[in-house]
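Report on the structure given below.
Coordinate-derived values only; no laboratory data. Here the structure is a predicted model, which is why all the values come from computation and not from measurement. Here Cβ is always computed from backbone atoms with ideal geometry, including for glycine, and neighbour counts include all displayed protein chains.
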Ligand SMILES: [Zn+2]
């Protein structure tokens, strides 16, 4: 008991130190100027070829005619350039999520700029053209003021989120929990931007972790299915799921 208390205390203390001066990407629907009953989907860390996760997700979004945001890792864009092009060709927005999925908060200014630029270079190489929208989302959803200055200098707008279920650290057994939490947050805010993960870190790390634990949190193959369940429920409740028809929706900086 005493040991547990000490562990919890140390964990709390470490988190406070690590996150000190930190800002989170989490915003409310109102802060993001998303109109009521409008919902936007966003997916981090892809593209992911494992069990055709990203391809199946694109099939589902296409089935319901939904355009989403994909925060791509440069490392994974290099590995699956055809999926990057498919995301663009099917009308989705591409966000630069950096080259690797390192923890932004601990990055120096030069490391951060390098990660951002390498991410852009890898995505544009896969696309064969420049990014149409200079959108960025930090890894893990946290950043510091010094990082914000850099992405602005590089001409980027940061894309936040309003509804997340920390699905990146949840495996398929927690699927219902993820679905409930997302739907509950959207209902509380009457709309917003959903954040889910169709991949988890670089393909190399995914392969290593999947070898150790095939059904662990690096297996994202259930994400397309849970996305479809969320879509069906939100459509039943009367939400609009293609918020990009609204001009200027992403033209904000939080
Ligand atoms: Zn990430």
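Provide, in order from the shortest bin, the percent of all Cα-Cα pairs of region 73-171 in each 10 Å bin, continuing until the bin that contains the maximum pair distance.
15, 48, 32, 4
Computed over the Cα atoms, what is the radius of gyration of region 14-85 divided by 2.2 N^0.38 Å, N being its residue count?
Here the Cα radius of gyration is 1.44 times the empirical estimate.
Quick one: if you stick a label point 7 Å off each Cα along the C-beta vector at residue 64 and residue 237, how many nm between them?
Output for this residue pair reads 1.2 nm.
Assuming 0.36 nm per residue, please report the length gained on full extension of the stretch residue 205 to residue 111 beyond their Cα-Cα distance.
So the extension gain works out to 31.8 nm.
Return the percentage of antiparallel bridges among DSSP beta bridges fully within the chain, rounded to the nearest 5 %.
Bridges in the chain are about 15 percent antiparallel.
Take every Cα-Cα distance within region 39-80, group them into 10 Å bins from 0 onward, and report for each bin the whole-number percent of pairs it holds.
Values per bin, smallest distances first: 28, 55, 16, 0.
How much length, in nm to one decimal, is gained on full extension between residue 36 and residue 215, taken as 0.36 nm per residue of separation minus their Cα-Cα distance?
Net length gain for the segment: 60.7 nm.
Using the 10 angstrom Cβ neighbour count as an exposure proxy, how do 203, 180 rank, fewest first?
Least to most surrounded, the residues fall as 180, 203.
Most exposed first by the Cβ proxy, i.e. fewest other Cβ within 10 Å, how do 26, 59 rank?
59, 26
For region 107-223, place one equal point scatterer on every Cα, skip the solvent, and apply the Debye formula. What is log10 of I(q)/I(0) at q = 0.10, 0.13, 0.17, 0.20 Å⁻¹?
Normalising to I(0) and taking log10 leaves -0.40, -0.68, -1.05, -1.19.
In what sequence, highest mean first, do 133-140, 206-213 appear when ranked by Cβ atoms within 10 angstrom?
Descending packing order for the listed peptides: 133-140, 206-213.
Counting alpha carbon pairs within less than 8 Å and at least 6 residues apart, what relative contact order, in whole percent, applies to region 24-245?
After rounding, I find 32 percent.
For region 147-201, state what percent of all Cα-Cα pairs lands in each successive 5 Å bin, counting from 0 Å until the bin that includes the largest distance.
Taking all Cα pairs of region 147-201, the binned fractions are 4, 18, 21, 16, 16, 12, 9, 4, 0 percent.
Quick one: compute the contact order of region 15-145, relative version, from alpha carbon pairs under 8 angstrom and 6+ residues apart, as a percent.
29 percent.
Quick one: divide the alpha-carbon radius of gyration of region 194-239 by 2.2 N^0.38 Å and tell me what you get.
1.46
Divide, for the chain, the radius of gyration over alpha carbons by 2.2 N^0.38 Å, where N is the residue count.
0.99
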